[in-house]
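Asker: Structure provided below as structure tokens; questions to follow.
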Amino acid sequence: MKVIDINSWNRKQHYNHFKGLLDPYFAVTLPFNVSKAYQFSKDENVSFFSKYLHDCMKAINAVQPFKLRVINDDVVEYDVIHASATLMREDRTFGFSWINFHNDVNVFMNNLTLEKERIKKSTDLYPPINGLDCIHCSAMPWLHFTGHKEPISTPFDSVPKIAFSKTKKTPDGLIMNVSVSVNHALADGYDVGLFSENFQKFLNK
């Protein structure tokens, strides 16, 4: 983790402007073609969710602004961003997870499986490990939404939010809409576009 020198940062004015807003977040909902990722999950007999979440986390970790967080009055950049996904139990409640990111998809999937088992056996909402070096994400496979709003914490919340919709078959393939919410003090539309390009690239592999 390193601290950004705000005074010499080329985003200093942008940061100070958006940091003063009551709601500095902006969100977009984007369509992704998940045909190849879905086929991979079937061929390899693995969870589709774990496959596309791993691709998402690779894309997150490839875009520097998505690794920025605000701690007290400092802007910091984390080396690695992990996944904090909502995982459902049989009684329809959920727990917040902490899934350590790893470039190796098999290691990441194992980390996800361990968190699923922990949450299944627990009634705790929060994971034993927690921090800002994550994204908050949730899958809603019951809804093919075209718009979405995440709850935002106070005080100043700097963790990006991702939500994955139900897939939909189209003439162009299997489409999944993804809502991306980021704090505008730390990231712009260009950065969300770069994340989008990377995510689609990884989904296609």
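Asker: Could you please find all residues in the stretch 160-191 being in contact with a strand residue (DSSP E or B) (Cβ under 6 Å, 6 or more places away or on another chain) and not hydrophobic (A, V, I, L, M, F, W, C)?
Answerer: Pro160, Lys161, Ser165, Thr167, Lys168, Gly173, Asn177, Ser179, Ser181, Asn183, His184
One line per residue, one yes/no per condition, for (1) touching a helix residue (DSSP H, G or I) at 6+ places or on another chain (Cβ under 9 Å); (2) buried (at least 20 other Cβ atoms within 10 Å of the Cβ):
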| residue | (1), (2) |
| --- | --- |
| His14 | no, no |
| Asn33 | yes, no |
| Tyr38 | yes, no |
| Asn45 | no, no |
| Phe49 | yes, no |
| Ile60 | yes, yes |
| Asp73 | yes, no |
| Ala85 | yes, yes |
| Phe101 | yes, yes |
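Asker: Would you be able to say whether some residue in the stretch 131-144 is in a loop (DSSP other than H, G, I, E, B), exposed (fewer than 12 other Cβ atoms within 10 Å of the Cβ), in contact with a helix residue (DSSP H, G or I) (Cβ under 9 Å, 6 or more places away or on another chain) and without any contact (Cβ under 8 Å) to a residue 60 or more places away in the chain?
Answerer: no
Asker: Just one of the numbered conditions (1) among the hydrophobic types (A, V, I, L, M, F, W, C); (2) at pLDDT below 95; (3) under 14 Å from the mean Cα position of the chain (by Cα) is not true of Cys137; which one?
Answerer: (2)
Asker: Output the residues belonging to the stretch 160-187 that are in contact with a Ser or Thr (Cβ under 8 Å, 6 or more places away or on another chain) and over 18 Å from Tyr52 (Cβ atoms).
Answerer: The answer is Asn183, Ala185, Leu186.
The values are calculated or read from the model by the stated rules, or taken from the named source; none is laboratory data. If you're wondering where the values come from, they're calculated on a predicted model, not measured in any experiment. All Cβ positions, even for glycine, are placed from backbone atoms using ideal geometry, and neighbour counts span all protein chains on display.
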